[in-house]
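Just so it is clear, none of the values below were taken in a lab; they were calculated from the coordinates. Predicted model, so just to flag it, every value in this text is computed and none were measured. Positions of Cβ are generated from backbone atoms using ideal geometry, with glycine treated the same way; all protein chains shown enter the neighbour counts.
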Amino acid sequence: MHLYFVGLDVHKQAIAFCVKTADGRIVREGKVAARRAALEEWVNSLEKPSVAGMETTMFSHWIYQHLKQLGVDVRMGHAGRMKAICAGKNKSDKLDARTIADLLRANLFPDCYVIDPELGALRRQMRFRRLMVQQEVMFRNKTAGLLMECGVEYEGRRLHGKRYFAELLQHLGEMEGQLRPLLEFNRGQIDTLRRMNKQVIGILRQRPQLAERVKALEEIGGVGPVTALTWALEIGDPQRFASMRQAQSYCGLTSAQRESAGKQQRGPISKQRNRHLQSALIEAAKLAPLYNPTLKAVHTKARERGENANTATLEVARKLVRFLLAADRAFLANQASAVAA
C-alpha cells in the first residue's frame, strides 16, 4: 500500500494543499476553506493512507487539532526551520504546499512540539494576563506623565497607592478641572486590570492540571505563582528537552553561535526564543537572589568577575532554569510512579 504525502499551506481563510506520492508525483492539489465543515468534507475525500504536514502559524493549532480528531496523521513544522519554503525565487501558496509535501516524503520535515489542547487553552489565558499587565503599566506611566506635563509634584514611590492618590486629587489646585477626569479614568483602568489579573492567577492555580505541579515549582526559593504558572504552561512537557542547554536556549537565555573555518563567534542573545517565558524568567531573576541563597551566590560571583548587572541577572536566570527543569522533571516522574503503582 502506497503512502501519500499531503502538504498544507495554512492561511486564515483558505488552505492550499498538494497530495504527492513517494516518488514525487502530484496526485491532486487545490484549496479548501479554513472551516471545520469544509475540512471534514475534504478529509473524507483524502487519499489513504496519508500523512499531512503544515507550518506553524497563528491559526495552525486549531486546524492541527481538528485534523487529529478526524483521524488524520498530521505533523506541525517549525516555522524558523522550514527555510526551504522561502529559499526559491518564486513563492506562492501552491508552491509552498508542494514544498511541504516534498519535505515530508524526503523525511526532512522539521517537527516542532505541539502543546496538549487543555494546557494550550490555559496557556492562552496566561498570555492574556501578560497583556493585562502591559496595559496596567501603560496606564500607570500615563498617570505620572499627566502630572509631569502639568507640573504637579508627587512622590513616585507612593503615586499608585490608593490613599496617596486620593490625597493627590484633593490638592490639584487650579489644574483640578483639567486633570481630575483623566486621572480618575486612568486609576479606574488600573484597578480593573489589577482585579482581572488576580482573578486569572487564582483560576489557573486552582486548575487540577496545574495545582500540584505549580505547588512543587514554588518550593524553589524565589519562584512565585506567576513564574511557576508561566513555566508550566509554556514548557508543557519538560522531557522534550534533551539537555539543559537546549532548555536555556528555548527560554532565550543563550546567545547565537556562528562557526566558520574552525572559528567560533558568539553574538547577542538570540531572538529565536519563547518571549513570554524569557520575560518571566528575567523578572524573576532580578528578585530571586533576595530569597534564594544559591542564586544570590551566583549573582555575587558574576559581579565579582566584573560582569555588569544585566549579565549577572542572566546568569541567575540560567541557574533558575536548571532548578525549574529539575523540579519539574522530578514532580512528573513521581506523578507517573504514583499512577503506575
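Where Lys and Arg each count +1 and Asp and Glu each count -1, what net charge lies around G161 among other residues with Cβ under 14 Å from its Cβ?
Local net charge: +4.
Which GluC sites (Glu not before Pro) does region 111-167 hold that lie in a coil by DSSP with at most 15 other beta carbons within 10 Å? Write out the running numbers ahead of the final one.
Numbers: sites: E118, E136, E149, E153, E155, E167; in loops: E153, E155.
Sites meeting the loop and neighbour criteria: E153, E155.
Which three extents, in angstrom, do the Cα atoms of region 4-105 have along their principal axes, listed largest first?
So the three principal-axis extents are 35, 31, 19 Å.
To the nearest 10 degrees, how steeply does helix 176-205 sit against the main Cα axis of the chain, on a 0 to 90 scale?
Between helix and principal axis, roughly 50 degrees.
At N197 and H11, where each label point lies 7 Å from the Cα along Cα→Cβ, what is the point-to-point distance in nanometres?
So the label points at N197 and H11 sit 4.0 nm apart.
Exceeding 25 Å between C-alpha atoms, which entries from my cross-link table qualify? They are K263/K301; K48/K83; K215/K319; K20/K83; K31/K83; K198/K271.
Over 25 Å Cα-Cα: K263/K301; K48/K83; K198/K271.
Which net charge results when you count Lys and Arg as +1 and Asp and Glu as -1 among the other residues whose beta-carbon is under 13 Å from that of A312?
Once all neighbours under 13 Å are counted, the net charge is +4.
Near K142, which aspartates and glutamates are there with a Cα under 19 Å away, not counting those fewer than 8 places off in the same chain?
K142 reaches E153, E155, E167, E176, E184, D191.
Rounded to the nearest 10 degrees, what's the angle between the helix 93-105 long axis and the longest principal axis of the chain, both from Cα atoms, 0 to 90?
Here the helix axis deviates by roughly 70 degrees.
Report the net charge of residues surrounding F331, where surrounding means a beta-carbon distance below 13 angstrom and charges are Lys +1, Arg +1, Asp -1, Glu -1.
-2
Output the antiparallel fraction of DSSP beta bridges having both residues in the chain, as a percent to the nearest 5.
Here the share of antiparallel DSSP bridges comes out near 65 percent.
So how long is each side of the chain along the principal axes, counting just the alpha-carbon atoms, biggest first, in Å?
If we take the Cα atoms of the chain, the spans are 81, 54, 51 Å.
Relative to the first principal axis of the alpha-carbon coordinates of the chain, what is the inclination of helix 117-149, with its axis defined by its Cα atoms, in degrees from 0 to 90 and to the nearest 10?
Long axis of 117-149 versus the principal axis of the chain: about 40 degrees.
Across the Cα atoms of region 190-321, what radius of gyration and what greatest pairwise Cα-Cα distance (Dmax) are found, in Å?
Cα only, region 190-321: 16.7, 58 Å (Rg, Dmax).
Identify all aspartates and glutamates with a Cα-Cα distance to K68 below 14 Å; exclude those on the same chain that are fewer than 8 residues away in sequence.
Within the straight-line cut-off, K68 pairs with E40, D116.
Beyond 19 Å, what percent of the Cα pairs of region 118-205 remain? Numbers along the way, then the final one.
Working: 1736 of 3828 pairs.
When every Cα pair of region 118-205 is considered, 45 percent fall beyond 19 Å.
Helix-derived [θ] at 222 nm for the chain: sum -39500 (n - 2.57) over DSSP H runs of at least 4, divide by residue count, nearest 500?
Computed ellipticity for the chain at 222 nm equals -18000 deg cm²/dmol.
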